[in-house]
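First the structure, in the form of structure tokens, and then the observations on it.
Every number in this text was worked out from the coordinates using simple rules, so none of it is lab data. Keep in mind the model is a prediction, meaning the values are calculated, not measured. FYI the Cβ positions are ideal-geometry reconstructions off the backbone, even for glycines, and counts take in every protein chain you see.
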Amino acid sequence: MIQAFILTIVLKLALISAVIFVSMKKTSLYFIPFLILLIASCSVSKDPQRSYIKKLQKGIIKDDTSYVYHLPYEEGKTHLLVQGYFSKFSHKNRAALDFKMKRGTKVTAAREGVVVRVKQDGDRGGWNKKYRPYGNVIVIQHSDGTRAGYWHLQHNGAFVKVGDTIKQGQVIALSGKTGYTLFPHLHFIVWRSDSNGWRQVATRFQTKEGVKFLRPMRRYSNKQP
Ligand SMILES: [Zn+2]
């Protein structure tokens with residue numbers, strides 16, 4: 001049991017390392033601290049949602065009623081999910097998704113709604129907390145009161161403004177690497193408001209292979225039926 005657990009961790013590390021190696025030019029600069037952080041952050045999140053989401057991802061619990069989101073990029077495009085819900089690196093306590101994306105990739109609305117926040121004046125980013133205030137973001141409110149956030153967008157890369165009504169699949173921004181981030185990607189998150197305030201939630205997505213709760217280190221293609 002313990003050996004199996006350690007093996008899983010080692011395999012995950014190897015996979016993530018491989019992805020970082022392939023996807024970065026300045027490998028030596030980023031890779032070492034990244035690996036150290038990965039190892040250091042291997043303790044598992046205590047969030048009670050974590051085991052529930054795991055069961056959804058594996059199909060042990062069936063969810064046939066919740067809203068089906070579109071992947072937040074253009075139809076026909078495929079992106080690697082680098083981190084999933086409660087991943088051990090920087091999503092330890094976050095029900096968030098990180099899609100690896102070159103700067104300037106078109107980000108689309110995963111669900112229709114009204115834009116409630118746009119920040120696009122951030123002009124820098126990097127793997128340091130000091131960059132956090134520079135993270136550009138668009139937040140869209142949906143008809144059921146949930147909200148989706150799209151992070152790390154390109155400087156002046158927003159195509160929408162607060163108050164705009166957005167269709168599902170509409171291009172809303174260009175992706176980037178602003179804020180607290182190691183590499184260019186889109187950080188996507190959905191929240192729901194309840195008596196305890198805003199809570200992050202996992203959502204279903206339409207993929208080429210059907211409707212799924214996404215899992216890390218897999219590639220997902222946006223194809224609508
Ligand atoms: Zn993230």
- Query: If you take the residues in region 91-126 that are assigned to a loop (DSSP other than H, G, I, E, B) and touching a helix residue (DSSP H, G or I) at 6+ places or on another chain (Cβ under 8 Å), which one is nearest to Glu209 (Cα to Cα)?
  - Reply: Ala95
- Message: Against the definition (aliphatic (A, V, I, L, M), under 28 Å from Gly126 (Cα atoms), in a strand (DSSP E or B) and away from the ligand (no atom under 16 Å from the Cβ)), how does Ile189 come out, yes or no?
- Response: no
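Yes/no per residue for (1) within 16 Å of the ligand (Cβ to nearest atom); (2) over 22 Å from Asn222 (Cα atoms):
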| position | (1), (2) |
| --- | --- |
| Pro48 | no, yes |
| Ser51 | no, yes |
| Lys55 | no, yes |
| Tyr67 | no, no |
| Leu71 | yes, no |
| Glu75 | no, no |
| Leu80 | yes, no |
| Lys100 | yes, no |
| Thr105 | yes, no |
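Table: residues versus (1) of a type in the set (A, V, I, L, M); (2) part of a loop (DSSP other than H, G, I, E, B).
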{"residue": "Pro133", "(1), (2)": "no, no"}
{"residue": "Ile138", "(1), (2)": "yes, no"}
{"residue": "Ser143", "(1), (2)": "no, yes"}
{"residue": "Gln154", "(1), (2)": "no, yes"}
{"residue": "Val162", "(1), (2)": "yes, yes"}
{"residue": "Gln168", "(1), (2)": "no, yes"}
{"residue": "Ala173", "(1), (2)": "yes, no"}
{"residue": "Ser193", "(1), (2)": "no, no"}
{"residue": "Arg219", "(1), (2)": "no, no"}
- Query: Is there any pair with a first residue in region 182-206 that is of a type in the set (Lys, Arg) and a second that is within 12 Å of the ligand (Cβ to nearest atom) whose Cβ atoms are under 9 Å apart and which are 6 or more apart or on different chains, and what are they?
  - Reply: Arg192/Gln200; Arg199/Ala95
- Only listed residue being assigned to a loop (DSSP other than H, G, I, E, B) and surrounded by fewer than 19 Cβ atoms within 10 Å (Cβ to Cβ), chosen from Lys177, Lys223: Lys223
- Task: Taking the options Asp121, Asp194, name whichever one is charged (D, E, K, R) and more than 19 Å from Tyr67 (Cβ to Cβ).
- Result: Asp121
